[in-house]
Amino acid sequence: MAKIIVVTSGKGGVGKTTSAAAIATGLALRGNKTVVIDFDVGLRNLDLIMGCERRVVYDLVNVIQGEANLKQALIRDKRIDNLHILPASQTRDKDALTQEGVEKILIALREDFDYVICDSPAGIERGAQLAMYFADEAVVVTNPEVSSVRDSDRIIGLLSSKTRRAEIGESPVVEHLLITRYHPARVTGGDMLNLTDIQEILSIPLIGLIPESDAVLRASNQGVPVTHDQKSDAGQAYVDCVSRLLGEEVPLRFHEIEKRSLLARMFGGGRK
Amino acid sequence: MKLLDFLKRERKKTANVAKERLQIIVAHQRSQRDQPDYMPMLERELLEVIRKYVQVDQDAINISLDREDDCSVLELNVTLPRPGEKN
Ligand SMILES: Nc1ncnc2c1ncn2[C@@H]1O[C@H](COP(=O)(O)OP(=O)(O)OP(=O)(O)O)[C@@H](O)[C@H]1O
Ligand SMILES: [Mg+2]
């Protein structure tokens, strides 16, 4: 029975798709049978980030409308056997998604997979609400910036009222805070919200901190989720995040300026 | 002491301003979040009752629920048209 995890944020462009792809990849690399679903109907992007855009034949809406079955629509990742992608439709409008349709798909996927990762569209409308509705857990992606933090708070409100778990009075959706595009130097300079402030304001537990990183753009250029780039800070930070999702305790990294000071260099070592 | 205060104030960075603003806005959002589901319906029905006696607009009525220590206070504000004025 799979765990359903929604990656959501309210605000657009904060790193949901990057994170959904990286987390799904990380979970699969750890041996979990994982599927990642693009809920951004009309604006699909997950296929590009996962590098399978040329293999899309059927999509989520085709399955919901009975034009294809789930097996035909699922794309097997070319690097990891136990990772699958269910792309969103590029042409249909958002109304093509129905709650019953989504439920049917999730119930079917639940049987076969260990993790179902739902990449939510931005906003708090129908698409975002459908992406979170059946979730067991939520990764709330937040940038250290006022509008992103405020929108995350709105999303946290929806998670505790507009989800299946909330409506039927089951144990609530487990919420995780994922701070992305964190820039330690700007935080130290006093011009970027620091991670404790963000945590204090949103008051949900931190699952990970992803630094602002050139590796993310390199990864999306190539269609290889950044988790595969284990030399990069962002890639390592996503691996840490995945370990915590799996219940392991991992110390936080990449939240301080890399201390390659003169002193550190003189005495050797000094690696962060 | 004064000098220290001065130095501290100098160091008040934009991130701190952001934090203070967010604390206020988030507190406000949360107070709305906790409003019971029946509030919009209650507001509509109250408006209907008032309209039996006075013609008022939709936006002439303002309703809010404030939580005190051991009870909640329902605050209802209705702006009535000036007497004699036909609406
Ligand atoms: N840690 C990071 N460092 C640098 N750039 C990043 C990082 N995370 C995301 N980005 C960049 O931010 C942009 C938006 O990322 P992404 O598409 O994942 O956001 P999104 O939340 O899915 O957007 P949308 O709301 O449109 O779906 C992309 O250009 C991505 O490369
Ligand atoms: Mg996206």
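The values are calculated or read from the model by the stated rules, or taken from the named source; none is laboratory data. Everything numeric here is computed off the predicted structure, so don't read it as measured data. Cβ atoms come from the backbone with ideal geometry, glycine included; neighbour counts cover every protein chain shown. Note: areas computed on protein heavy atoms with side chains; ligands, DNA, RNA excluded. Shrake-Rupley method; radii C 1.70, N 1.55, O 1.52, S 1.80 Å.
Things worth noting here:
- Checked against (1) within 12 Å of ligand 2 (Cβ to nearest atom); (2) open to solvent by 10 Å² or more (accessible area, probe 1.4 Å); (3) within 16 Å of A:Lys78 (Cα to Cα), A:Val36 passes all but a single condition, namely (2).
- Scan of region A:179-215 for residues that are more than 24 Å from A:Val226 (Cα to Cα) and either assigned to a strand (DSSP E or B) or away from chain B (no Cβ under 11 Å) (or both), ordered by number: A:Gln199, A:Ile204
- Flag if A:Gly42 is farther than 25 Å from A:Gln222 by Cα and in contact with a helix residue (DSSP H, G or I) (Cβ under 7 Å, 6 or more places away or on another chain): no
- For region A:98-139, the set of residues classified as more than 14 Å from ligand 2 (Cβ to nearest atom), at pLDDT 95 or above and not in a helix (DSSP H, G or I) consists of A:Phe113, A:Asp114, A:Tyr115, A:Val116, A:Phe134, A:Ala135, A:Asp136, A:Glu137, A:Ala138, listed by residue number.
Conditions (1) farther than 20 Å from A:Ile4 by Cα; (2) touching a strand residue (DSSP E or B) at 6+ places or on another chain (Cβ under 8 Å), marked per residue:
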residue	(1), (2)
A:Cys52	yes, yes
A:Ala68	yes, no
A:Ile85	no, yes
A:Gln90	yes, no
A:Glu103	no, no
A:Arg110	no, yes
A:Asp114	no, yes
A:Cys118	no, yes
A:Pro121	no, no
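- The set of residues from region A:140-170 being assigned to a helix (DSSP H, G or I), more than 9 Å from every other protein chain (Cβ to nearest Cβ) and acidic (Asp, Glu) comprises A:Asp151, A:Glu167.
- Some residue of region A:73-85 being surrounded by 17 or more Cβ atoms within 10 Å (Cβ to Cβ), more than 14 Å from every other protein chain (Cβ to nearest Cβ), within 16 Å of ligand 1 (Cβ to nearest atom) and modelled with pLDDT of 95 or more: yes
- Enumeration of residues in region A:103-115 that are over 15 Å from A:Arg165 (Cβ atoms) and crowded, with 17+ Cβ neighbours inside 10 Å: A:Ile105, A:Leu109, A:Phe113, A:Asp114, A:Tyr115
- Some residue of region A:78-96 being part of a helix (DSSP H, G or I), over 16 Å from A:Ala122 (Cα atoms) and within 21 Å of the chain's Cα centre (by Cα): no
- Of all residues in region A:6-23 being of a type in the set (Gly, Ala, Ser) and over 8 Å from the mean Cα position of the chain (by Cα), the one that is modelled with the lowest pLDDT: A:Gly10
- Unmet requirement for B:Pro40, which otherwise passes all of (1) farther than 30 Å from A:Met192 by Cβ; (2) modelled with pLDDT under 85; (3) not in a helix (DSSP H, G or I); (4) not polar (S, T, N, Q): (3)
- Verdict on A:Val36 being in contact with a Ser or Thr (Cβ under 9 Å, 6 or more places away or on another chain) and modelled with pLDDT of 95 or more: yes
- Qualifying residue in region A:117-139 (condition: within 16 Å of ligand 1 (Cβ to nearest atom) and within 14 Å of another protein chain (Cβ to nearest Cβ)): yes
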